[in-house]
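The values are calculated or read from the model by the stated rules, or taken from the named source; none is laboratory data. Source: prediction; values computed, not measured. All Cβ positions, glycine included, derive from the backbone under ideal geometry; neighbour counts span all protein chains shown. Surface accessibility is based on the protein's heavy atoms, side chains included, excluding ligands, DNA and RNA. Shrake-Rupley method; radii C 1.70, N 1.55, O 1.52, S 1.80 Å.
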Protein chains: 2
Amino acid sequence: MKILMCVPNISEGRDLELVRQVIDEIRSVKGAVIIDHSSDSDHNRSVLTYLGEPEAVLSASKAMAATAIDLIDMSAHHGSHPRMGGVDVVPFIPVRGVTTEEAVNISNQFGKYLGGLDVPVFYYEDAATRIERTLLTSIRKGQYEGLEEKLKDPEWTPDEGPAKFNHKSGATVTGARFPLIALNVNLRTTDISVAQNIAKAVRHINGGFRYVRAIGLSLEDQGMVQVSMNLTNYRKTPIPRVLETIQSEAHRYGVNIAGSELVGPVPLEALKEPLKHYLQLHEFSMSQIIENSILDTLE
Amino acid sequence: MKILMCVPNISEGRDLELVRQVIDEIRSVKGAVIIDHSSDSDHNRSVLTYLGEPEAVLSASKAMAATAIDLIDMSAHHGSHPRMGGVDVVPFIPVRGVTTEEAVNISNQFGKYLGGLDVPVFYYEDAATRIERTLLTSIRKGQYEGLEEKLKDPEWTPDEGPAKFNHKSGATVTGARFPLIALNVNLRTTDISVAQNIAKAVRHINGGFRYVRAIGLSLEDQGMVQVSMNLTNYRKTPIPRVLETIQSEAHRYGVNIAGSELVGPVPLEALKEPLKHYLQLHEFSMSQIIENSILDTLE
């Protein structure tokens, strides 16, 4: 079976009854499976994670968004996290057997639907219509409060929906992006500069791996430091290559890796390279994994 | 969802039309998925691999066996592989969410069904009724040709079915066993004694790991040698522990590992320890693997 994942961020993290109503809309769609949801009252924001066949995920996303648009009033919204709309960001993420093109197509169908509900919609990442609209931060700059002015600028005509400020709902960013791997590596030292130097060594911006974002952090209660990373394309920058580089750089300082964390959901395919690398499997096929055989037979 | 696997060996590897009829019986059962089948004309034997929910696998196994019993005449069977019956061995293997007890229970239902078709049935491995019946080789000793005499011995009264020789069908061995991992490790040397010494170091019989069977082989056309292993319990003797021991022993001879092979189907759970070991993941949960979330929601 194909698996598309959707991780919408909606601008409500305090009224949990409202969030429950939105989640119920997803649950009501056959074939859509919610695997996680969390609400943060400081951010006043909730993150929902669901997945299934692309068509089921599209239906669930429409139902989710229609209810969230109906129930959330942005003119009364306060929270510490940047946001621009009631349905703020809706990334569609190809997990299994889905191409980027298919995910972009689903995000376009979703964007048209939301545009039809009078919400200005911008496409980002792999669905971006212009290079300046690739990054969420560029589109969201100025936030909800600056949106009325921003929409008057012809540079910021929305990709779908009216070029007119919607007081109640703000605007929505949707698109497609590759699954992101959140990998933290803990180091047996309290010297934060070691983590910071290693973060610089592996991250793209300083000359490191193309698909790595990294920062060095202190884990004071554990007496360790951490290289906290997002791997934005595990196919092109696989996990073991990054980990082995961290290992090698850490040894320059006489420091060892104390442990790692993979945070949140991970596509099975992202684990293929670690297995092949460390077990020295030159010919391993994912179809040998029994669970995959079952999924392959499901429509 | 629960996954039970069944890997019957039937005594026909030349008449592929007959084998196809047997396979069609499995295919006709809703929820049973055939993931592999192979026929060997020297052995005159076919190995079928299918899986699904336990009840579907039981139904498929009954249908498979009834047709194979009907079509295969052991009195005319010749082949180089040891065998005792038309439906020779039927192991039920718990792959996911199935206990050994459940797999034994399914094999008992299957055994009773086959006994009802006048086939003497012996339970082996985790389903064995006596310690002397644990190993297939003990039960099958004397093969089809010695079965008439063997069945006269009160020590070999079958667990199901008549204690009377069935000329056409012989006898069947069924039971439950843990999934077996076939792991080959290739070494960068042509010195067979290195592979043989390492096989001795890791295998149970010579003082090695409890759940490892191993032999040393020469791969002449590749100019390498191989430690060829079956890991019979990947939970208690996990893959990385065996591989690291081989690595360490090989270094005694100045030899490196050239590569490994995992042969045939592998349960996802068997890959958990390799991932946790080599990525140093202390807290990784299999439920983080997105494909698992989908399988968990399927009935």
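Things to note:
- Scope the stretch B:224-266; condition among the basic types (Lys, Arg) and within 14 Å of chain A (Cβ to nearest Cβ); matching residues: B:241
- Positions within the stretch B:265-285 being within 17 Å of residue A:294 (Cα to Cα) and open to solvent by 30 Å² or more (accessible area, probe 1.4 Å), in sequence order: B:265, B:269
Matching residues to (1) without any contact (Cβ under 8 Å) to a residue 24 or more places away in the chain; (2) out of contact with any helix residue (DSSP H, G or I) (no Cβ under 7 Å at 6 or more places or on another chain); (3) in a loop (DSSP other than H, G, I, E, B); (4) outside the structural domain of residue A:201 (by TED's automatic domain parsing):
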position	(1), (2), (3), (4)
A:234	no, no, yes, no
A:243	no, yes, no, no
A:250	no, no, no, no
A:261	no, yes, no, no
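- Filter result (assigned to a helix (DSSP H, G or I) and of a type in the set (A, V, I, L, M, F, W, C)) within the stretch A:266-295: A:268, A:270, A:271, A:275, A:286, A:290, A:294, A:295
- In this entry, residue A:137 passes the filter for residues that are within 15 Å of the chain's Cα centre (by Cα) and either in a helix (DSSP H, G or I) or more than 21 Å from residue A:14 (Cβ to Cβ) (or both).
- Taken over the stretch B:194-223, the criterion of being more than 14 Å from chain A (Cβ to nearest Cβ), surrounded by 14 or more Cβ atoms within 10 Å (Cβ to Cβ) and either modelled with pLDDT under 95 or in a strand (DSSP E or B) (or both) is satisfied by B:212, B:213, B:214, B:215, B:216, B:217, B:218.
- Filter result for residue A:167 (farther than 30 Å from residue A:68 by Cα and either surrounded by fewer than 17 Cβ atoms within 10 Å (Cβ to Cβ) or in the same structural domain as residue A:10 (by TED's automatic domain parsing) (or both)): no
- Residue among B:12, B:102 that alone is touching a strand residue (DSSP E or B) at 6+ places or on another chain (Cβ under 8 Å) and part of a loop (DSSP other than H, G, I, E, B): B:12
- The listed residues are A:36, A:24, and the only one of them that is out of contact with any helix residue (DSSP H, G or I) (no Cβ under 7 Å at 6 or more places or on another chain), part of a strand (DSSP E or B) and either open to solvent by 30 Å² or more (accessible area, probe 1.4 Å) or within 25 Å of residue A:82 (Cα to Cα) (or both) turns out to be A:36.
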